[in-house]
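The values are calculated or read from the model by the stated rules, or taken from the named source; none is laboratory data. Small disclaimer: the values here were computed from a predicted structure and weren't measured. Quick reminder, even Gly has a Cβ in these numbers, built from the backbone with ideal geometry, and neighbours come from all protein chains shown.
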């Protein structure tokens with residue numbers, strides 16, 4: 001578990017424009033066992049600026065994990081995912097697509113763009129919190145993530 005060996009919180013970038021889903025994700029992560037620091041980008045343009053440390057994000061920490069919604073303003077999640085995976089400095093950051101879309105086309109396209117996993121957001125509050133906790137348990141406790149450089 002990286003948290004124990006490095007002593008620092010796991011850095012998570014949540015790319016989400018829905019304030020309700022942001023709040024639920026924050027609450028679910030608070031209940032997790034792994035220390036984490038959550039940064040939020042509210043659209044695709046802001047997410048890429050954060051990842052590239054541009055403008056007001058010049059001092060941003062490189063995330064260990066990205067939670068990415070597909071339906072975003074200004075630049076949608078598919079475009080963001082494609083740019084992340086084409087960038088040699090960013091491509092190793094695991095990207096978990098967390099979206100309301102159940103469309104097979106979206107699932108296939110995001111895996112073609114090298115998403116690490118695709119999760120459909122449940123509409124039920126309890127199930128949403130359970131899904132976020134599962135992401136926390138798996139990606140931040142079980143999986144060994146690449147060194148954050």
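Annotations
- The listed residue being at pLDDT 95 or above, in a strand (DSSP E or B) and buried (at least 21 other Cβ atoms within 10 Å of the Cβ), out of 66, 12: 66
- Residue list for region 45-63, restricted to those being on the phi > 0 side of the Ramachandran plot and either touching a helix residue (DSSP H, G or I) at 6+ places or on another chain (Cβ under 6 Å) or part of a strand (DSSP E or B) (or both): 55
- Residue within region 113-121 that is buried (at least 16 other Cβ atoms within 10 Å of the Cβ), within 17 Å of residue 26 (Cβ to Cβ) and touching a strand residue (DSSP E or B) at 6+ places or on another chain (Cβ under 8 Å) present: yes
- Positions within region 15-38 being in a loop (DSSP other than H, G, I, E, B), modelled with pLDDT under 95 and out of contact with any helix residue (DSSP H, G or I) (no Cβ under 6 Å at 6 or more places or on another chain), in sequence order: 18, 31, 33
- A search for C-beta distances below 7 Å between a residue of region 108-131 that is within 18 Å of residue 90 (Cβ to Cβ) and any residue that is part of a helix (DSSP H, G or I), counting only pairs 6+ apart in sequence or on different chains, returns 110/78; 110/81; 113/78; 113/81; 113/82; 113/85; 114/85; 115/81.
- Some residue of region 75-90 being closer than 21 Å to residue 127 by Cα and surrounded by fewer than 17 Cβ atoms within 10 Å (Cβ to Cβ): no
- Among the conditions (1) farther than 18 Å from residue 141 by Cα; (2) surrounded by 22 or more Cβ atoms within 10 Å (Cβ to Cβ); (3) modelled with pLDDT under 90, residue 41 misses just one, which is (3).
- Taking region 73-142 as the region of interest, the helices (runs of 4 or more DSSP H) fully inside it that hold 2 or more residues being under 26 Å from residue 9 (Cα atoms) and modelled with pLDDT of 90 or more are 77-86.
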